[in-house]
Amino acid sequence: MAAGFNPELIECRTLVNDSSVVDLYKVGGGTLGKTYAGMWGYRLYREERLIASGEDLYTGTPKTHDEAAQLVLDFYPNQE
């Protein structure tokens, strides 16, 4: 079972012009600009409404914070 999202650990906030926001952190800690494989914590908001949240985003290939945020957006496409 995945742990819950911890807002105190947010390392990166990605804003997208369709009013989406991804708050993200590397589980275990990370540095912006470096790449990491493993588990990520995320929260996705659209128009200030929570869409998804968890610590269950796993990347087998190293990703930057921005790349991991894009994965979250890809997993939850905006379906207007």
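The values are calculated or read from the model by the stated rules, or taken from the named source; none is laboratory data. Predicted model only: the values in this text are computed from it and were never measured. All Cβ positions, glycine included, derive from the backbone under ideal geometry; neighbour counts span all protein chains shown.
Looking only at residues of the stretch 1-27 that are assigned to a loop (DSSP other than H, G, I, E, B), of a type outside the set (Gly, Ala, Ser) and surrounded by fewer than 18 Cβ atoms within 10 Å (Cβ to Cβ), we find that the one that is modelled with the lowest pLDDT is 1. Taking the conditions exactly as written (assigned to a loop (DSSP other than H, G, I, E, B) and either surrounded by 15 or more Cβ atoms within 10 Å (Cβ to Cβ) or touching a Phe, Trp or Tyr at 6+ places or on another chain (Cβ under 8 Å) (or both)), does residue 30 satisfy them or not? Spelling it out, residue 30 is indeed assigned to a loop (DSSP other than H, G, I, E, B) and either surrounded by 15 or more Cβ atoms within 10 Å (Cβ to Cβ) or touching a Phe, Trp or Tyr at 6+ places or on another chain (Cβ under 8 Å) (or both). If the condition is being small (Gly, Ala, Ser) and closer than 16 Å to residue 10 by Cα, then the stretch 51-76 contributes 52, 53, 54, 68, 69.
For the stretch 33-50, the set of residues classified as surrounded by 15 or more Cβ atoms within 10 Å (Cβ to Cβ) and more than 19 Å from residue 9 (Cα to Cα) consists of 46 only. Looking only at the stretch 33-46, count how many residues are part of a strand (DSSP E or B) and touching a Ser or Thr at 6+ places or on another chain (Cβ under 6 Å). Of the residues in that region, 3 qualify.
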